[in-house]
1. Sort through 84, 18 and tell me the only one that's in contact with a helix residue (DSSP H, G or I) (Cβ under 6 Å, 6 or more places away or on another chain), closer than 15 Å to residue 135 by Cβ and modelled with pLDDT of 95 or more.
2. Identify all residues within the stretch 85-113 that are free of Cβ contacts under 8 Å to residues at least 24 places away in the same chain and in a helix (DSSP H, G or I); write none if there are none.
3. Quick one: is residue 122 in contact with a strand residue (DSSP E or B) (Cβ under 8 Å, 6 or more places away or on another chain), buried (at least 19 other Cβ atoms within 10 Å of the Cβ) and touching a residue at least 60 places away in the same chain (Cβ under 8 Å)?
4. I need the full set of residues from the stretch 158-180 which are modelled with pLDDT of 85 or more, farther than 14 Å from residue 136 by Cα and in a loop (DSSP other than H, G, I, E, B), in order please.
5. Could you tell me whether residue 155 is surrounded by 13 or more Cβ atoms within 10 Å (Cβ to Cβ), in a helix (DSSP H, G or I) and in the same structural domain as residue 32 (by TED's automatic domain parsing)?
6. Any residue in the stretch 125-136 that is farther than 30 Å from residue 29 by Cβ and not in a helix (DSSP H, G or I)?
7. Kindly indicate whether any position in the stretch 63-70 is without any contact (Cβ under 8 Å) to a residue 12 or more places away in the chain, surrounded by fewer than 19 Cβ atoms within 10 Å (Cβ to Cβ) and within 19 Å of the chain's Cα centre (by Cα).
């Protein structure tokens, strides 16, 4: 299966880390929950490492789930239509999950919905479970923006493809909007800890981060 998103040149490494963690830590008889399943690309990466893993995927787009069902004939995949902004209304085949993860979906959610999904996930983790969040981080400090530009420039030189960029901090802020509203690392730390989750960034490259939470 081809990656449906090719704009992030370091995405392959970060998604491989996420897939490896889920495959290594979710045991037989346990299941993982993918919030923002799409056509199932991340599940494809996980199943390549552990083919018998049970995964539940939630997405609001019927056409994406239909494609996912076609992609995973014979795999232990349950595709559930539902909106992450109304997770409590989504009927899932299980009440708790050893791993819950979300990939490049949170920046599309309002901040209140981000907090709600983190809280819902904390309540639906099985004993010893963990929540993995992979998404862009919002930059907040104008004096440091030239350094971020330098990171982006290096990524483009090394990988031959660039990440989202902007000529200056004001332009970067102006580009943020209803469909592009990443949260800051400090906001994520507060939202995780407020619902009783330990918080740790696992991998940050550019301004894209893989973050983890687990019960204290």
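1. Values: 18 fails: in contact with a helix residue (DSSP H, G or I) (Cβ under 6 Å, 6 or more places away or on another chain).
None of the other options fit; the residue is 84.
2. The first filter runs over the stretch 85-113 and keeps only residues free of Cβ contacts under 8 Å to residues at least 24 places away in the same chain, leaving 86, 89, 91, 112.
86, 89, 112 - these are the residues of the stretch 85-113 that are free of Cβ contacts under 8 Å to residues at least 24 places away in the same chain and in a helix (DSSP H, G or I).
3. yes
4. Answer for the stretch 158-180, where residues must be modelled with pLDDT of 85 or more, farther than 14 Å from residue 136 by Cα and in a loop (DSSP other than H, G, I, E, B): 166, 167, 168.
5. Working: surrounded by 13 or more Cβ atoms within 10 Å (Cβ to Cβ): yes; in a helix (DSSP H, G or I): yes; in the same structural domain as residue 32 (by TED's automatic domain parsing): no.
Criteria not met by residue 155.
6. Pass one, the stretch 125-136, residues farther than 30 Å from residue 29 by Cβ: 136.
Pick out the ones that are also not in a helix (DSSP H, G or I) and you get 136.
Yes, there is a match, as at least one residue in the stretch 125-136 is farther than 30 Å from residue 29 by Cβ and not in a helix (DSSP H, G or I).
7. no
A quick yes/no check of all residues on (1) touching a strand residue (DSSP E or B) at 6+ places or on another chain (Cβ under 6 Å); (2) loosely packed, with under 14 Cβ neighbours inside 10 Å; (3) farther than 17 Å from residue 210 by Cα; (4) in the same structural domain as residue 161 (by TED's automatic domain parsing):
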{"position": "30", "(1), (2), (3), (4)": "yes, no, yes, no"}
{"position": "33", "(1), (2), (3), (4)": "yes, no, no, no"}
{"position": "53", "(1), (2), (3), (4)": "no, no, yes, no"}
{"position": "57", "(1), (2), (3), (4)": "yes, no, yes, no"}
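The values are calculated or read from the model by the stated rules, or taken from the named source; none is laboratory data. Bear in mind that the values here come from a model prediction, so they are computed numbers and not experimental data. Glycine also receives a Cβ, built like all others from the backbone with ideal geometry; neighbour counts cover every protein chain displayed.
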